[in-house]
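**Q** I am attaching a structure below and will ask some questions about it afterwards.
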Amino acid sequence: MLPTFLIIGAQKCGTTSLHEYLAEHPQVGRPSTKEIQYFTHNSYRPPAWYRAHFPRAGEFAHTFESTPYTLFHPACPGRVRALLPDVKLIVLLRDPVDRALSHYNHQVAGSFEALDFQTALAREGERLQGEEQRLRDDPRYRSFAYQHYSYVARGMYARQLGRWYALYDAEQLLVLRSEDLFADPPGTLHRIQAWLGLGEHTPSTLTARGARRYPPMDPGTRAQLRARFEQDAAELRALTGVELSRA
């Protein structure tokens, strides 16, 4: 099979939890791994390589995968559209300020980040300079900085979603607030299942996956980040009707 739907992002927004919830549905076939990274890192491989990660045709009505880097990678909308023009796309978006701190702490925990948070934010532009164009130009190019140090850039949701709306009908995208999934897992999951045409199914457990605790953000840094995201948040509201920002 090829997937009938994808969870394309965003990172640190609950995609692991949602993946596990949906994979328990009896009509959905689980992929061999959550993040196949075909459209991001492996697009030069033949489609048969991608197909090999999914159940055989006829075993399930649906199959899917969840690679949150897909939303952010600049070449992915065109790559996905070329292979999966009819796919449905699920997007989970979290308050971008909270997402940035969670992303940073995830990198620290993985020993990928040695800078303090404010320094990492200050150096993000320098670290990411030219990387987006390199990713567009070379399907084999992998950018460690673009994937790992994009604390603010990944929270500019309107810019990212605009690339997908340019290639897919709005009816093929479901944009949800992560906070709604965290606060009401069964209600949000049932809404997603209905949108996918699945029968209602509640998993055996709805415990959040991958959650971690870390020190709160400095109030001054939070205010600075909120100001940086203000314009994109307004554009996101206009594009999707989704309101993410909090005080």
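All of the numbers you see were taken from the coordinates with simple rules; none came from a lab. These numbers come from a predicted model, not from an experiment. Cβ coordinates were reconstructed from backbone atoms using ideal geometry, including for glycine residues, and neighbour counts include every protein chain displayed.
**Q** Return one quarter of the surface area of the convex hull spanned by the alpha-carbon atoms of the chain, equal to its mean projected area, in nm².
**A** 13.0 nm²
**Q** Could you tell me the calculated FRET efficiency between residue 222 and residue 148, based on Cβ-Cβ distance and R0 = 25 angstrom, to the nearest 0.05?
**A** Taking R0 as 25 Å, the efficiency between residue 222 and residue 148 is 0.70.
**Q** Compute the length gained on full extension between residue 83 and residue 53: take 0.36 nm times their separation in residues and subtract their Cα-Cα distance, giving the result in nm to one decimal.
**A** 9.3 nm
**Q** Which of the GluC sites (Glu not before Pro) across the range 200-242 are loop residues per DSSP, with 13 or fewer other Cβ within 10 Å?
**A** In loop regions of the range 200-242 (DSSP not H, G, I, E or B), the sparsely surrounded GluC sites (Glu not before Pro) are 200.
**Q** Using DSSP to call loops (not H, G, I, E or B), can you name the chymotrypsin sites (Phe, Trp or Tyr not before Pro) in the range 27-73 whose Cβ has at most 12 other Cβ atoms within 10 angstrom?
**A** 44
**Q** What are the ³J(HN,Hα) couplings of the range 97-107, residue after residue, when phi is run through the Karplus curve with 6.51, -1.76, 1.60 and θ = phi - 60°? Round to Hz, x for glycine and proline.
**A** 5, 5, 4, 4, 5, 4, 4, 4, 5, 5, 5
**Q** Here's a follow-up. Excluding residue 109 itself, calculate the net charge of residues whose Cβ lies under 13 Å from the Cβ of residue 109, where each Lys or Arg counts +1 and each Asp or Glu counts -1.
**A** My count for the surroundings of residue 109 gives +2.
**Q** Can you compute the modelled spin-label distance between residue 61 and residue 171, with each label point 7 Å from Cα toward Cβ, in nm?
**A** Taking the two extended label points, one gets 1.8 nm.
**Q** So, one more: In the chain, which longest range has no trypsin sites (Lys or Arg not before Pro) that are both DSSP loop (not H, G, I, E or B) and surrounded by at most 10 other Cβ atoms within 10 Å?
**A** That would be 57-139.
**Q** Using the alpha-carbon atoms, what tilt in degrees (0 to 90, nearest 10) does helix 219-240 show relative to the longest principal axis of the chain?
**A** Approximately 40 degrees, to the nearest 10.
**Q** Can you figure out the FRET efficiency of residue 211 with residue 140, using R₀ = 25 Å and their beta-carbon distance, to the nearest 0.05?
**A** Between residue 211 and residue 140 the formula returns 0.15.
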